[in-house]
Amino acid sequence: MLTGHLRDALAQVRQLQQAVLTRQRFGGYSGPARAASGTAALLAAAIMASDRYPQTHRAFFMGWGAVFVFALILNGGALLYWFLNDPRVQRDIYRLRPIGDGVPPLVVGGALTLMLVFHGVTQYLFGVWMCMFGLTNLASRYVLPRYISFVGVFYVICGVAWLLLPQASFMNPWPMGLVFFVGEWAGGLLLYFDERRYLALVRYQDIEEERNANRNEHHD
């Protein structure tokens, strides 16, 4: 009888641990979507570096804007799909609260972008964008895999270095493309393997609970 009570208590502890883990972890960000966004940034850099692409500030700004819109649609679509279809979420709007952590850096980055473009100092845009993405990753470090902080630090270091570079040029797309390719692939892989690890843990706990239930039925 005592053994049965201990098993029930352990099963309840596992359920509590799983509930806490589920609430602390935010699964709305897609690893493959981030990796695809990084690849798009590198491809855009290659296109803009081509002699056939218009070598003007306006054309480059529109090119990077297209990459941003593509990444926004791709990641936003993955987030919406997760919210509507993941049975663990149950379409609970409160599960989207971690998104708000990344909004302030994006708003500030957008405001700085408009200011720099308005004043014609586009050479600093890459640094602002890198820092903006770095702060966004750092702001989400409590609900994403802990190593996402290293991705954030990487972006910030690259951004600050670009801002301090005396010969920074907006017309050289490769630094931007390479930094975002590395950063988004690193973040994407972290999210992907964290999701695999989480699913494996959930399966293991479900199997253990089923085994405990069968043992309790056998003892009864």
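Here, each number is a calculation from the coordinates, and none is a lab measurement. On a predicted model such as this, the values are computed, not experimentally measured, just so you know. As a convention, Cβ positions derive from the backbone with ideal geometry for all residues, glycine included, and neighbour counts pool all protein chains shown.
As an exercise, use a Förster radius of 25 Å and the Cβ-Cβ distance of residue 106 and residue 163 to find the FRET efficiency, rounded to the nearest 0.05.
That gives a FRET efficiency of 0.85.
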## Note on the structure
Long-range amide H partners of residue 88, meaning residues 5 or more apart or on another chain whose placed amide H is closer than 5 Å, are none
### Query
Could you give me the ³J(HN,Hα) list for the range 88-100, computed from phi with Karplus coefficients 6.51, -1.76, 1.60 and θ = phi - 60°, whole Hz, x at Gly and Pro?
6, 8, 6, 6, 7, 4, 5, 6, 8, 4, x, 4, x
### Stokes-Einstein D for the range 28-197, Kirkwood Rh over Cα pairs, 4 °C, 1.567 mPa s (µm²/s)
78
### Task
State the Cα centre-to-centre distance between the range 27-62 and the range 118-194 in whole Å.
14
### Query
Magnitude of the Cβ-charge dipole of the range 28-197, K/R +1 and D/E -1, about the Cα centre, nearest 20 debye?
240
### Task
Given the peptides 75-84, 48-57, arrange them by the average over their residues of other C-beta atoms within 10 Å, most packed first.
75-84, 48-57
### Query
For residue 62 and residue 149 in the same chain, what is the full-extension length gain: residue separation times 0.36 nm, less their Cα-Cα distance, in nm?
28.3 nm
### Message
Between residue 53 and residue 117, what is the label-point separation in nm under the 7 Å Cα-to-beta-carbon projection?
### Response
1.7
